[in-house]
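All remarks here apply to the structure that follows.
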Amino acid sequence: MIQAEHIQFAYRGMEKVLKNLCLNEEAGHCIAFLGNNGAGKSTFLKCLNRILEPQGGFIAVDGLEIKSSSRAQIARKLAYVEQRTEMSRLTVYDTVLLGRKPHMRFAPAQRDYDITDEAIARMQLGALKLRYIDELSGGELQKVILARALAQQPKVLLLDEPTASLDLRNQHEVMRTVANIAKEDGITAVIVIHDLNLALKYCDRFLMLREGEAFCYGDSGVVNPESIRAVYGVDAAVTELNGERFVMVL
């Protein structure tokens, strides 16, 4: 579904931030990008949909080569949920409808309204659809932005720290929703996240970055005491409870 080969990127006048990063993921997977601040997680995420232009490498999504594609073509394949959402005086309904923009020619068609209604219902936002988004709580706003991304009907969903600034309940609700979307809709979800335990609970693939390079990449087994020590510089134990793995810093 998404293929990235030997991605390299450097900000102007700086050393390389990304060094030959690779990613190959199939539909239905939920992959976490892990690593310290400055490791290149968000930069890699932005390179995947060409918000940032890589200086080397190849990226394709569902057969579409990203480098040679228009913004509209990319937006029909990838939906990007950034860490901070700019507030505006739009209603929830209009905000979600904006997700249909890559598929519209001139004005919304009935299909666009139907898909918007489905996305709002799926995120359980029906009671809020006429509210303005600058009146919402952080958890409510994050659900609206996810609904807008769903309305795009993407093949790949890119999320940059979607649980930042959310309370415990909303963190789990957002991550559970994303994991379910990936499985039910057969899309690939790519998530930049700092909380290892949230990642282990809801993701099934993991890319651990260190200084712009892939330290390890694979299933939950790559998140182990050795990799945590190498990537984060802390000692930790990885234990299992009720069939789920979690990390405890020592």
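Sites listed here are GluC sites (Glu not before Pro) in segment 144-250 whose DSSP assignment is loop and whose Cβ has at most 16 other Cβ atoms within 10 Å: 211. When the alpha carbon gyration tensor of segment 60-103 is reduced to an equivalent ellipsoid, the three semi-axes, largest first, read 25, 12, 8 Å.
Placing a label point 7 Å from the Cα of residue 130 along the Cα-to-Cβ direction, the residues of segment 81-122 whose backbone N falls under 15 Å of that point are 91-94.
When DSSP beta bridges are limited to those with both residues in the chain, what percentage is antiparallel, rounded to the nearest 5? Close to 60 percent.
Bridge orientation summary for segment 126-250: considering DSSP beta bridges with both residues in this region, about 70 percent are antiparallel. For segment 112-250, the mean projected area of the C-alpha convex hull, equal to one quarter of the hull surface, is 9.8 nm².
Placing a pseudo-label 7 Å from each Cα along the Cα-to-Cβ vector at residue 195 and residue 64 gives an inter-label distance of 3.1 nm.
In the full protein context, segment 128-176 carries 42 Å² of accessible surface per residue, based on a 1.4 Å probe and ignoring ligands, DNA and RNA. For the chain, taking the reciprocal of the average inverse distance between every pair of different Cα atoms yields a Kirkwood hydrodynamic radius of 18.8 Å. Hey, what angle do you get for helix 110-122 against the long axis of the chain, alpha-carbon based, 0 to 90 degrees rounded to 10? Approximately 50 degrees, to the nearest 10. Sparse packing (at most 13 other Cβ atoms within 10 Å of the Cβ) combined with a DSSP loop state is found for the following chymotrypsin sites (Phe, Trp or Tyr not before Pro) in segment 96-135: 106.
Solvent-accessible area assigned to carbon and sulfur over segment 1-137 amounts to 48 percent, based on a 1.4 Å probe. Under the combined filter of DSSP loop state and at most 15 neighbouring Cβ atoms within 10 Å, segment 18-58 retains these trypsin sites (Lys or Arg not before Pro): 50. Computed from Cα atoms alone, the Kirkwood hydrodynamic radius reported for segment 50-136 is 15.0 Å.
From its DSSP helices (H runs of at least four residues, each -39,500 (n - 2.57)), the chain gives a residue-normalised ellipticity at 222 nm of -9000 deg cm²/dmol.
One chain, two ends: residue 234 and residue 51. Fully extended at 0.36 nm per residue, the span grows by 62.6 nm beyond their Cα-Cα distance. Note on segment 45-69 and segment 158-182: Cα centroid distance 25 Å, given to the nearest whole angstrom.
The values are calculated or read from the model by the stated rules, or taken from the named source; none is laboratory data. The structure displayed is predicted, hence computed values, not measured ones. We place every Cβ from the backbone using ideal geometry, glycine too, and count neighbours over all the protein chains shown. Each accessible area value is taken on the protein alone, full model and side chains, heavy atoms only, with ligands, DNA and RNA left out. Shrake-Rupley method; radii C 1.70, N 1.55, O 1.52, S 1.80 Å.
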